[in-house]
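Undergrad: Please find one structure pasted underneath; my questions will follow.
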Amino acid sequence: MSELTTVLKDLAAAGDETDRMVADLDDAQWALDTPAPGWTITDQIAHLTFVFRLAGTAAADPETFRALAEGAKGDFDGAVRAALAAYRGDSPSALLARWRDQRAETIDALAAVPPDRVVPWLVNPLPPAVLACAGLMETFAHGQDIADALGLRREPADWLRHIAGFAVLTRDFGYQTHGLTPPVEPFRFELTGPSGQPWTFGPEDAAQRVTGPALDFCLLVTRRRHRDDLALTATGAAADHWLGIAQAYRGPAGEGRRPGQFPGTAR
């Protein structure tokens, strides 16, 4: 199995997990507020549909994607809000059907990208496997908002490894968002996967280290939990500072979550 094939299989599994959370909701539940201020469950699925549409277009029709990205360059957040508005007229069943179709189309489009080719994206072109990892991160993050709104506890899966690796690759996003210069020295990440297996990233002798459960790490870098509610440990001043600003996505950090908002998260 190639890396891309593996990531796409896991991207499909992550989408199916979130799909199961919303498939049987009634209209009132689709309108429930999530912990993301101003976002309902409908908004979360609409956002995922939009993100998958962007990724699918980038893979299948790069020129059309470049035109879309150019139009959003001046105000990407505004473009996202405008895109969400286009989905709000859908009934829950229609929106769910659109998301299902878009997920399938995007996975097929990424699978069809030749192995030696990159896909245009919002800042830099990406290998299709990396773009699929970004899709996994988005699916996990917005799926967590839905789970929290419904009071559900998700079972962590091994596909979290792709999100952890993507967060390591994008370590500097938090610094960039806050107008800070990233440290030159490398970090070592030592995480424990859901089945107890060690997942390690970075040089073994790095002085700056982050250790803890992989699930907690993914919740941190998607800003779905406050660091105080997670069982993550930093060694070194730079690593400790990073835990307070970490994010695996570009752009504004958002409000994040308050300490104690989800008590009992830390294991």
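Undergrad: What's the number of the condition ALA246 fails, among (1) of a type outside the set (D, E, K, R); (2) closer than 21 Å to GLY143 by Cα; (3) over 18 Å from the mean Cα position of the chain (by Cα)?
TA: Checking ALA246 against (1) of a type outside the set (D, E, K, R); (2) closer than 21 Å to GLY143 by Cα; (3) over 18 Å from the mean Cα position of the chain (by Cα), the one that fails is (3).
Undergrad: May I pose another question? Just to check your reading of the model, which residue among ALA36, ALA60, ALA31, ALA13 is open to solvent by 30 Å² or more (accessible area, probe 1.4 Å) and within 17 Å of the chain's Cα centre (by Cα)?
TA: Exactly one of ALA36, ALA60, ALA31, ALA13 is open to solvent by 30 Å² or more (accessible area, probe 1.4 Å) and within 17 Å of the chain's Cα centre (by Cα), namely ALA13.
Undergrad: Would you confirm, using the coordinates I've provided, whether ALA83 is in contact (Cβ under 8 Å) with a residue 24 or more places away in the chain, open to solvent by 20 Å² or more (accessible area, probe 1.4 Å) and of a type in the set (Gly, Ala, Ser)?
TA: Spelling it out, it is not the case that ALA83 is in contact (Cβ under 8 Å) with a residue 24 or more places away in the chain, open to solvent by 20 Å² or more (accessible area, probe 1.4 Å) and of a type in the set (Gly, Ala, Ser).
Undergrad: Mind checking which residues of the range 1-38 are part of a loop (DSSP other than H, G, I, E, B) and either in contact with a helix residue (DSSP H, G or I) (Cβ under 6 Å, 6 or more places away or on another chain) or more than 18 Å from ASP145 (Cα to Cα) (or both)?
TA: MET1, SER2, LEU32, THR34, PRO35, ALA36
Undergrad: Within the range 174-190, is even one residue open to solvent by 20 Å² or more (accessible area, probe 1.4 Å), within 17 Å of the chain's Cα centre (by Cα) and farther than 23 Å from GLU17 by Cα?
TA: Within the range 174-190, one or more residues are open to solvent by 20 Å² or more (accessible area, probe 1.4 Å), within 17 Å of the chain's Cα centre (by Cα) and farther than 23 Å from GLU17 by Cα.
The values are calculated or read from the model by the stated rules, or taken from the named source; none is laboratory data. Since the structure is predicted, the reported quantities are computational estimates derived from the model, not experimental observations. Every residue, glycine among them, receives a Cβ derived from its backbone with ideal geometry; neighbour counts consider all protein chains shown. Note: areas computed on protein heavy atoms with side chains; ligands, DNA, RNA excluded. Shrake-Rupley method; radii C 1.70, N 1.55, O 1.52, S 1.80 Å.
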